[in-house]
Amino acid sequence: MTYGPEQRERVGFFTDTSVCIGCKACEVACKEWNGIPDDHQGFTGESYDNTSELNANTWRHVAFVEQRVPLSADDGEGDLVKVAAANELAQENGGMAADGGMRWLMSSDVCKHCTHAACLDVCPTGALFRTEFDTVVVQEDVCNGCGYCVPACPFGVLDRREEDGRVWKCTLCYDRLKDDREPACAQACPTDSIQFGEHDELLTRARARVESLKEQGLADARLYLDGPGDGIGAAGAFFLLLDEPEVYGLPPDPVDTTFDLPEIWRAVGAAALAVGAGVAAAFIGGRR
Ligand code: SF4
Ligand code: SF4
């Protein structure tokens, strides 16, 4: 789909988790600007994170990953048996390594505004649509609450609001974009962990940042959802992570769940033709 002369440059978010301080100003700004109702608040008993997940009433979620730094092969002078024993001992001691060895990773998660967005493909009412900024938005006055899009999203972003049955998610502040304003979360972030801008320019900035972190010794720094080779054809909202995506609760190999649909429909069509041909042949044969 194209908007002709109304089409704008693709915009998105580059979330640099290496500078996130977990203040949750982005979550608050998102709620305030979009008038999102209250959500669960309180200790889960698992983490200092009090919002837990993305859902219909939490469109930005700052994940707190509090964990013991796993020992690497270097810690056992190359002896993996020693490393495994040390890891096991640390686990028995309440998950703490002898020297503490804890780390906190923080990452502000959001809808990825996928290039190949399965949510949009399965929506029967057109409530989900791609904007002129190449972002993915739900129109609340069109959504009928069928929920088809909920399991289609490979990131578990979509959720129905209990009170009205409709689906709600990040709009990348579509209303603000139309006024040439940056999204509320990016404006509120005090460390520039959330950066908003033209997608290509953000990608260039993100790649330079990864190189710089690697030079500083952070060998595991990497970009997530930055390339067209991934299962969603790259995301409008991509991330700089300091470890594997799974550590942050993100799927390592997300795939557009409608990717195989054309192939499936081709197979169904061929099967239907074969059945039709068989029935016709039987009918003609029976008349002879
Ligand atoms: S598939 Fe999920 S992550 Fe991708 S645009 Fe839709 S809701 Fe967002
Ligand atoms: S506002 Fe910025 S620093 Fe604070 S939690 Fe959100 S992303 Fe992290």
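Size of the dipole of the range 183-278 about the Cα centre, Lys and Arg at +1 and Asp and Glu at -1 on the beta carbon, nothing else charged, in debye to 20?
Numbers: 6 positive and 16 negative charges, 32 e Å.
Its charge dipole is roughly 160 debye.
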Item to complete: Obtain the nm distance between the two label points defined at GLN67 and THR125 by a simple spin-label model: each point lies 7 Å from its Cα along the Cα-to-C-beta direction.
Response: 3.9 nm
Fill in: Relative counts (whole %) of C-alpha pair distances in the chain, using bins that are 5 Å wide
1, 5, 10, 13, 15, 14, 11, 8, 6, 5, 4, 3, 2, 1, 1, 1, 0, 0
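Do you know the relative contact order of the chain, to the nearest whole percent, from alpha carbon pairs under 8 angstrom that are 6+ apart?
Details: 484 pairs, mean separation 72.2, N = 288.
Relative CO of the chain lands at 25 percent.
Roughly what % of Cα-Cα distances in the range 173-266 sit above 20 Å, to the whole percent?
Numbers: 2230 of 4371 pairs.
The calculated P(r) of the range 173-266 puts 51 percent of pairs beyond 20 Å.
Give the carbon-plus-sulfur fraction of the accessible surface of the range 99-182 in %, rounded to a whole number; probe 1.4 Å, heavy atoms of protein chains only. Don't jump to the answer; show the numbers that get you there.
Working: 1710 of 3720 Å².
Carbon plus sulfur share of accessible area: 46 percent.
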Worksheet, complete the sentence: The FRET efficiency for GLU53 and PHE283, from their Cβ-Cβ distance with R0 = 51 Å and rounded to 0.05, is 0.35
Item to complete: Just the number, please: percent antiparallel of the DSSP beta bridges in the chain, rounded to the nearest 5.
Response: 85 percent
Discussion item. Using the basic label-point model (7 angstrom from Cα toward the beta carbon), what is the VAL81 to VAL255 distance in nanometres?
Written reply: 4.0 nm
Worksheet entry | Distance between the range 140-202 and the range 5-61 - C-alpha centres, whole angstrom | 10 Å
Worksheet item: For the chain, what is the calculated [θ] at 222 nm in deg cm²/dmol (nearest 500), taking -39500 (n - 2.57) for each run of four or more DSSP H residues and dividing by its residue count?
Response: -9000 deg cm²/dmol
Practice prompt. Please state the charge dipole magnitude for the chain, taken about the Cα centre, from unit charges on C-beta atoms (+1 on K and R, -1 on D and E), reported in debye and rounded to the nearest 20.
Written response: 1240 debye
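Return a whole-number percent for the relative contact order of the range 147-288, with Cα pairs under 8 Å and 6 or more residues apart as the contact set.
Details: 113 pairs, mean separation 23.8, N = 142.
Reported as a whole number, the value is 17 percent.
Between GLU32 and GLN187, what length in nm is gained on full extension when 0.36 nm per residue of separation is reduced by their alpha carbon distance? Kindly include the intermediate steps, with their values, before the conclusion.
Working: separation 155, 0.36 × 155 = 55.80 nm, distance 1.27 nm.
Full extension of this stretch gives 54.5 nm more.
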Worksheet item: Rolling a 1.4 angstrom probe over the protein heavy atoms, how many square angstrom per residue are accessible across the chain?
Response: 54 Å²
Worksheet item: Under a Cβ-Cβ limit of 4.7 Å, which cysteines in the chain have nobody to pair with?
Response: CYS20, CYS23, CYS30, CYS114, CYS123, CYS143, CYS146, CYS153, CYS173, CYS189
Item to complete: Taking chymotrypsin sites (Phe, Trp or Tyr not before Pro) as candidate sites, keep only those in a DSSP loop with at most 11 other Cβ atoms within 10 Å, then name the longest stretch of the chain containing none of them.
Response: 49-288
Practice prompt. List the lysines whose Cα lies under 20 Å from the Cα of LYS24, skipping any in the same chain that are fewer than 8 positions away.
Written response: LYS112, LYS169
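The values are calculated or read from the model by the stated rules, or taken from the named source; none is laboratory data. This structure is a prediction, so every number in the text was calculated from the model and none was measured. With ideal geometry, Cβ positions are generated from the backbone for all residues, glycine too; neighbour counts draw on all protein chains shown. In case anyone asks, the SASA skips ligands and DNA or RNA and just uses the protein heavy atoms, side chains included. Shrake-Rupley method; radii C 1.70, N 1.55, O 1.52, S 1.80 Å.
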